[in-house]
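Please treat every number below as a calculation from the coordinates, not as lab data. Note that the structure is predicted; figures quoted are calculated from it, not measured. Reconstructed Cβ throughout: ideal geometry from the backbone, glycine too, with neighbour counts over all protein chains shown.
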Amino acid sequence: MWRRAATAAATLALLATGVTLSPVASAAEACPARQLCLYSSTGFRSMKFQTAKKNTCWSLARYGLVNKVYSYRNNLSVYARFYDKNGRNVWNIRNGGSSGDSSSFSGEAEVCTRHR
């Protein structure tokens, strides 16, 4: 009984000061079907790049993503291949692949969408 009264008093005090407590909303951003989406934050937040094009390459510098692809979704039917500034393949995303935390990968300066 004492706990309920203390909880009620604390809740009323918070409401009187204009403070409300609410659950934290997920800021994850969806990636449409048949798209490649690259995010600058883990958890699919801060989408910086989105494309449906295949057999094309892009410089990640233009999107602020050099060494900063921290999550991704590849809804394309082809691989997304990442290359360093010297043109060496540093990592890949299979078709249908996704990761909410790819922060352990590094070296990416360019991304290309190509068949395996």
How many residues does the stretch 29-48 contain that are under 10 Å from the mean Cα position of the chain (by Cα) and surrounded by 16 or more Cβ atoms within 10 Å (Cβ to Cβ)?
-> 11
Scan of the stretch 67-89 for residues that are crowded, with 16+ Cβ neighbours inside 10 Å and either of a type in the set (Phe, Trp, Tyr) or closer than 15 Å to CYS112 by Cβ (or both), ordered by number | VAL69, TYR70, TYR72, ASN74, LEU76, VAL78, TYR79, ALA80, ARG81, PHE82, TYR83, ASP84
May I ask you to list pairs of residues, at least six apart or on different chains, whose Cβ atoms are under 7 Å apart, with the first in the stretch 99-116 being closer than 18 Å to CYS31 by Cα and the second being surrounded by 14 or more Cβ atoms within 10 Å (Cβ to Cβ) and of a type in the set (Gly, Ala, Ser)?
-> SER99/SER71; GLY100/GLY43; GLY100/SER71; ASP101/SER71; SER102/SER71; VAL111/ALA80; THR113/ALA80
